[in-house]
Each structure stands twice: as C-alpha cells, then as structure tokens.
Amino acid sequence: PFCTRLFADPVPDNARGYLVGLLMLAVPTYLWCAHSAWTAYQPSWLYLIGLTALASWFPVQVFSLKDRLWITLSDVFVFAALFQFGPEVAVVMASVGSISALLRVRPKRSYRWLFNLAQPVISTFLIGHLYSFLRGLSLPWNTEGAGFTLHLMAIIVGCGLIYFTIASGMTTMAISMSRQHSFRVVFRKNFLWFVPSAVGASVAGLLYLLAG
C-alpha cells in the first residue's frame, strides 16, 4: 500500500520497487551529507546555493543537436562544489539544482518528483567519493608539472563521463521499467546527446573554481 501511494498512475511493480529502493538510499545519504557539509564548512559554501538554483531555473536549448534538448549550468556549480569543498557539499548543490528544476517544470506525477529528487543525491554522492579517491592516489606522474595537470584533467573528464553514465543510467532504467521499453533504445534516443554536456560541466566547474 505504501508503494502504491507513491504513484498517481498504475506502473509496473518493478518500477515501484526501483523508486522505493532509490528513496531508501537517497534520504539518509542526503541527511548525512547536509549535516556533514554544515558541520565541516558552515556558511562558506552557501553562496553556491543561489548560483545553482539560478542556473537550474534558466535552461539553454541546444537546437543543433536534437529537438527539445535542454541543458542547464547547474552541474557546473555541483562540480565546483565537489572540487572546492568535497562530496557532501556537492550532494547538497545537486539537490538544490534538482528542486529548482522541478519547481520550474512542475511535473504532474508525484513519482517523477520523488525520482528526480533521489537520483541526483545518489549519483553525486557516488561520483564525489570516486573523485576524492582518485585525487588521493599517489602515482609517480601526478606529483608536479605537466604530469600533475594531465592527471587532474584525466580524473575530471573521467568523472564527468562516469557521472553521466550513473545519472543517465538510473534515469534510463526508470523510464524503461515504467514504459516497458528497451533500456538500450531509451538511452540512445533520450540521453546519448548529453555526453558532451556532462564532460563540459566537470571541466567548467574546475575553470570556475580557478577563476574565482
């Protein structure tokens, strides 16, 4: 009964279970990240909230790639938060961006609200800790000079690609379950075009941080 109340429309049971599982992961993850971010950094990162919300509220349409393809700059500030403060602040920024986008779009179905709140928390948490792990590796070529720069850029581009894979994979799974469509077809039709956006956001996040 609890699962059924999460959905305004009848959807397959596996899609209900998928959403409930994501919520069970996302809620404690977000609460822990929000508490850790405030405890560790307090108000020093709060300015990013306004920038992330503003970026999510004004999407940019890319006509040259695909009809009705919209991107926002909110991921730039999510990555900037990750690079400057760490995964916990990045998760908070991802949540802010998602809330702002949802308030702009206002989907009619409650399960879409819930999914779009849960997915960024999980994907940002995973990629944030992966980035922290990779940055902490001590390798012969990443200590200084050109080797360090190339190592850092490889990590950033790689994290952008993995972030895209996780986030789009979770969304594709939800759509394919709810509509009973092929995962591969849904991904190719709806998400493949966003690869440059995800990588660009990670690099732009670093550039924003360096410029600041």
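Figures for the structure shown
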| item | result |
| --- | --- |
| Selection status of T149, of a type in the set (S, T, N, Q) and modelled with pLDDT of 85 or more | no |
| Close pairs from segment 36-50: first touching a residue at least 40 places away in the same chain (Cβ under 8 Å), partner part of a loop (DSSP other than H, G, I, E, B) and open to solvent by 30 Å² or more (accessible area, probe 1.4 Å), Cβ under 7 Å, at least 6 apart | none |
| Segment 9-53, residues that are under 24 Å from R109 (Cβ atoms), open to solvent by 60 Å² or more (accessible area, probe 1.4 Å) and part of a helix (DSSP H, G or I) | D13, N14, M24, L25, V27, Y30 |
| Residue in segment 118-133 that is open to solvent by 20 Å² or more (accessible area, probe 1.4 Å), over 14 Å from the mean Cα position of the chain (by Cα) and modelled with pLDDT of 80 or more present | yes |
| Odd one out for L65 among (1) of a type in the set (A, V, I, L, M, F, W, C); (2) buried (at least 18 other Cβ atoms within 10 Å of the Cβ); (3) modelled with pLDDT under 85; (4) closer than 21 Å to T172 by Cβ | (2) |
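Yes/no matrix, rows are residues, columns are (1) surrounded by fewer than 15 Cβ atoms within 10 Å (Cβ to Cβ); (2) modelled with pLDDT of 85 or more; (3) among the polar types (S, T, N, Q); (4) over 24 Å from P28 (Cα atoms):
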position	(1), (2), (3), (4)
S110	yes, no, yes, no
L139	yes, no, no, yes
I156	no, no, no, yes
I162	no, yes, no, no
T165	no, yes, yes, no
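The values are calculated or read from the model by the stated rules, or taken from the named source; none is laboratory data. As the structure is a computational prediction, the values presented were derived from the model and not from experiment. Using ideal geometry, Cβ is built from the backbone for each residue, glycine included, and neighbour counts are taken over all protein chains shown. For the accessible areas, the whole protein counts, side chains as well, though only heavy atoms, and no ligand, DNA or RNA atoms are used. Shrake-Rupley method; radii C 1.70, N 1.55, O 1.52, S 1.80 Å.
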